[in-house]
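Everything on this sheet refers to the single structure shown next.
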Amino acid sequence: MKREIICGMVCGAMAVHGFAGEHAIFTYPVGDWDVHLLVEYTGQGNSSILVGASEEVLRQYIPGGTYPSETHTLLIRRADRIILIDTGFGGKLFDHLKTLGIEPAQVDTVLLTHMHRDHIGGLQRRGEALFPRASVYLSQQEKTYWTETAADPAAAAALAPYGSRVRTFLPKPLGAGEELLPGIRAIAAFGHTPGHTLYQVESKGQKLLIWGDLMHVQDIQFPLPALSVSYDTDPQAAGAIRKQALEYAAQHTIPIAGMHLRYPALGRVSPEGAGYRFSPLSRTAGEDL
């Protein structure tokens with residue numbers, strides 16, 4: 001299986017959600033796994049989403065008032081398994097799968113970090129499952145919140161076509177718990193949503209922490225990780241788990257991948273001042289760009 005960075009525009013029409021970036025797919029090996037970051041959207045976000053950031057801090061880190069905003073999904077595969085982590089808006093996702101030579105029916109597992117609509121948009125269309133053989137995994141806390149407590153029709157509709165193939169679990173704290181699937185650990189990261197979950201991929205002594213929406217505005221949230229955004233259900237809890245995850249990744253030298261970090265959206269974190277520094281990864285495990 002080739003292990004390479006796939007750069008450049010994917011053939012076909014641009015996504016209605018605004019994908020217009022220079023890059024489309026970034027591939028990175030983690031032991032036996034190939035991790036493919038799939039770019040779903042690029043655009044601009046507004047710093048007004050930050051909760052409690054002073055004007056002085058905003059001028060320092062986001063002087064123009066806007067920042068690059070991206071949305072990604074991740075696909076991880078090895079000889080015996082193809083796993084999709086989140087489905088984005090469902091716009092460019094299927095073009096990316098075609099580029100990788102993967103049919104939707106070959107995806108056997110979908111892992112959801114949470115159920116915001118930019119993460120579940122590619123699960124179904126007109127009531128039909130877009131991944132007809134896949135089991136869908138999400139935390140019990142997340143499913144309960146969106147299908148019962150908050151009762152979001154979009155969440156119920158996303159899961160409905162999968163029926164008994166929807167599997168729930170109780171994620172464990174950082175550094176604890178057994179594997180959810182071979183080579184995959186589910187980690188509790190509640191705050192962004194009540195059941196937000198990280199996934200740690202492991203193989204042959206190598207690891208990658210896929211942290212979903214733990215961060216939205218990297219220019220300010222790496223140096224000031226306590227700052228949260230208005231999308232966070234519990235901003236204080238989101239800030240606390242973000243700091244824990246950054247400390248964990250830095251201490252254990254585990255690369256991270258985020259659904260809203262800038263391309264290539266995979267990198268290493270290291271302490272810098274009172275916060276952290278992010279260094280993007282290259283195509284080879286252990287090398288940085």
Point to revise | Qualifying positions in the stretch 85-104 - touching a helix residue (DSSP H, G or I) at 6+ places or on another chain (Cβ under 8 Å) and of a type outside the set (Asp, Glu) | key: THR87, GLY88, PHE89, PHE94, LEU97, PRO104
Revision key, fill the gap. Of the conditions (1) among the hydrophobic types (A, V, I, L, M, F, W, C); (2) in a strand (DSSP E or B); (3) surrounded by fewer than 18 Cβ atoms within 10 Å (Cβ to Cβ), the single one that ILE187 does not satisfy is (3)
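Tell me, yes or no, whether the stretch 235-258 has at least one residue that is farther than 23 Å from PRO171 by Cα, at pLDDT 95 or above and out of contact with any His (no Cβ under 6 Å at 6 or more places or on another chain). Reasoning before the result, please.
In the first step, residues of the stretch 235-258 are kept if they are farther than 23 Å from PRO171 by Cα; the result is none.
No, the stretch 235-258 contains no residue that is farther than 23 Å from PRO171 by Cα, at pLDDT 95 or above and out of contact with any His (no Cβ under 6 Å at 6 or more places or on another chain).
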Exercise for review: Return yes when ALA237 is surrounded by 17 or more Cβ atoms within 10 Å (Cβ to Cβ), within 24 Å of SER54 (Cβ to Cβ) and touching a residue at least 12 places away in the same chain (Cβ under 8 Å) and no when it is not.
Suggested key: yes
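What number of residues in the stretch 105-141 are crowded, with 18+ Cβ neighbours inside 10 Å and either in contact with a helix residue (DSSP H, G or I) (Cβ under 6 Å, 6 or more places away or on another chain) or within 15 Å of ILE85 (Cα to Cα) (or both)? Working first, answer last.
First, the residues of the stretch 105-141 that are crowded, with 18+ Cβ neighbours inside 10 Å: 107, 109-116, 118-124, 129-131, 134, 136-139, 141.
Checking which are either in contact with a helix residue (DSSP H, G or I) (Cβ under 6 Å, 6 or more places away or on another chain) or within 15 Å of ILE85 (Cα to Cα) (or both) leaves us with 107, 109-116, 118-124, 129-131, 134, 136-139.
Of the residues in the stretch 105-141, 24 are crowded, with 18+ Cβ neighbours inside 10 Å and either in contact with a helix residue (DSSP H, G or I) (Cβ under 6 Å, 6 or more places away or on another chain) or within 15 Å of ILE85 (Cα to Cα) (or both).
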Point to revise | Selection status of ASP232, surrounded by 17 or more Cβ atoms within 10 Å (Cβ to Cβ), touching a helix residue (DSSP H, G or I) at 6+ places or on another chain (Cβ under 7 Å) and either assigned to a helix (DSSP H, G or I) or of a type in the set (D, E, K, R) (or both) | key: yes
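Restricting attention to the stretch 120-140, which residues are part of a helix (DSSP H, G or I) and out of contact with any strand residue (DSSP E or B) (no Cβ under 8 Å at 6 or more places or on another chain)? Even if it seems obvious, please write down each step before you answer.
Within the stretch 120-140, the first condition is being part of a helix (DSSP H, G or I), and the residues that meet it are 120, 140.
Hit for the stretch 120-140 is ILE120, nothing else.
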Review point. Do we have any residue at all in the stretch 206-227 that's over 23 Å from THR147 (Cα atoms), in contact with a Lys or Arg (Cβ under 6 Å, 6 or more places away or on another chain) and not aromatic (Phe, Trp, Tyr)?
Key: yes
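Each row is one residue, and each column tells you yes or no for (1) loosely packed, with under 15 Cβ neighbours inside 10 Å; (2) in contact with a strand residue (DSSP E or B) (Cβ under 6 Å, 6 or more places away or on another chain); (3) free of Cβ contacts under 8 Å to residues at least 24 places away in the same chain; (4) in a helix (DSSP H, G or I).
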site: LYS143; (1), (2), (3), (4): no, yes, no, yes
site: ALA151; (1), (2), (3), (4): yes, no, yes, no
site: GLY175; (1), (2), (3), (4): yes, no, no, no
site: GLU179; (1), (2), (3), (4): yes, yes, yes, no
Exercise for review: Considering only the stretch 98-119, state which residues are outside any helix (DSSP H, G or I) and among the aliphatic types (A, V, I, L, M).
Suggested key: LEU100, ILE102, VAL107, VAL110, LEU111, LEU112, MET115
Review point. Looking at (1) buried (at least 18 other Cβ atoms within 10 Å of the Cβ); (2) assigned to a strand (DSSP E or B), which is the one condition that is false for SER279?
Key: (1)
Check your understanding: With respect to the numbered conditions (1) more than 26 Å from LEU181 (Cα to Cα); (2) touching a residue at least 60 places away in the same chain (Cβ under 8 Å); (3) out of contact with any strand residue (DSSP E or B) (no Cβ under 7 Å at 6 or more places or on another chain), which one is the sole condition not fulfilled by GLN218?
Key -> (3)
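The values are calculated or read from the model by the stated rules, or taken from the named source; none is laboratory data. A quick note: this is a predicted structure, and the numbers were derived from the prediction, not measured. Neighbour counts run over all protein chains shown; Cβ positions are idealised from the backbone, glycine included.
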